[in-house]
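> Just passing along the structure, written as structure tokens.
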Amino acid sequence: MEKLKLIKPSVQYREAYLAFYEDWIASGESIVPWVVERDPSDFEAYVQFLYSADAEEKLTDSGWVPHSTYWLLDGKDNIVGALNFRHRLNEKLLDSGGHIGYGIRPSARRNGYASFQLGAALDIARRKGLDRLLLVCDSDNEASERTIRKHGGILEDERATSDGNTVKRFWIAL
């Protein structure tokens, strides 16, 4: 597989990120993870936003948990994926969000990127001292379920969310 790397967001990747974002918009699909939905027109402000809640002391809203965002670069410095890692869970995330939200841009799927990205996220979780992670996917997302199971995910249950969607909840022991 080409040389992939997970990086912290940086303004130096503006053009690569905008191409990634536009790929999602053009697809008409729901954008995952949620931080990618945010309009990156003011790119410097967008990158600052991505760092605005990456530690407990930065949280301003009691309903949020600290979270870090990473971008997945391919061997040509194209951004092919993004992941949002939640450092801990609150009730909502325990119910239907999980520790990690991740997505691969529509034009780059079926290349093993999601598996690489999730494996890298598990390494981040280990370094942060977590001993298990909750991952959640839509009940009809077979590709995501395969990726989660490949990394040791054990299905706990399926649940209906407040928006009427059904999700599968998996735990991965680290």
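The values are calculated or read from the model by the stated rules, or taken from the named source; none is laboratory data. Keep in mind that this is a model prediction, so the values were computed, not measured. All Cβ positions, glycine included, derive from the backbone under ideal geometry; neighbour counts span all protein chains shown. Accessible surface is based on the protein model in full, side chains and every heavy atom, while ligands, DNA and RNA are left aside. Shrake-Rupley method; radii C 1.70, N 1.55, O 1.52, S 1.80 Å.
> One residue is enough: does the range 80-95 have a residue meeting the conditions over 30 Å from Leu155 (Cβ atoms) and charged (D, E, K, R)?
Narrowing the range 80-95 to residues over 30 Å from Leu155 (Cβ atoms): none.
No, the range 80-95 contains no residue that is over 30 Å from Leu155 (Cβ atoms) and charged (D, E, K, R).
> Give all pairs with beta carbons closer than 7 Å in which a residue from the range 46-62 that is farther than 15 Å from Val36 by Cβ meets a residue that is modelled with pLDDT of 90 or more and part of a helix (DSSP H, G or I); count only pairs at least 6 apart in sequence or on separate chains.
Matching pairs, first to second residue: Ser52/Lys58.
> Which residues, counting only those in the range 97-119, are crowded, with 18+ Cβ neighbours inside 10 Å and of a type in the set (Gly, Ala, Ser)?
We begin by selecting, within the range 97-119, every residue crowded, with 18+ Cβ neighbours inside 10 Å; these are 97-105, 113-114, 116-118.
If the condition is that a residue be crowded, with 18+ Cβ neighbours inside 10 Å and of a type in the set (Gly, Ala, Ser), then Gly97, Gly98, Gly101, Gly103, Ala114 are the ones that fit.
> Let me ask something else about it. The conditions are (1) open to solvent by 40 Å² or more (accessible area, probe 1.4 Å); (2) within 30 Å of Glu91 (Cβ to Cβ); (3) at pLDDT below 95, and Lys8 fails exactly one of them. Which is it?
Of the numbered conditions (1) open to solvent by 40 Å² or more (accessible area, probe 1.4 Å); (2) within 30 Å of Glu91 (Cβ to Cβ); (3) at pLDDT below 95, the odd one out for Lys8 is (3).
> Specify the residue that is farthest from the chain's Cα centre (by Cα); the eligible residues are those in the range 26-43 that are hydrophobic (A, V, I, L, M, F, W, C) and surrounded by 13 or more Cβ atoms within 10 Å (Cβ to Cβ).
Filtering the range 26-43 for residues hydrophobic (A, V, I, L, M, F, W, C) gives 26, 31-32, 34-36, 43.
Next cut, surrounded by 13 or more Cβ atoms within 10 Å (Cβ to Cβ) only: 31-32, 34-36, 43.
Values: Ile31: 10, Val32: 7, Trp34: 8, Val35: 8, Val36: 9, Phe43: 19 Å.
Residue satisfying both the conditions and the ranking: Phe43.
> Only residues that are over 19 Å from Glu56 (Cβ atoms) and either hydrophobic (A, V, I, L, M, F, W, C) or in a helix (DSSP H, G or I) (or both): list them for the range 122-133, please.
Leu122, Asp123, Arg126, listed by residue number.
> What are the pairs, 6+ residues apart or on separate chains, where a residue within the range 1-24 that is without any contact (Cβ under 8 Å) to a residue 60 or more places away in the chain and of a type in the set (Val, Ile, Thr) has its Cβ under 7 Å from a residue that is part of a helix (DSSP H, G or I) and open to solvent by less than 30 Å² (accessible area, probe 1.4 Å)?
Taking only residues 6 or more apart or on different chains, the pairs are Val11/Phe43; Val11/Val47.
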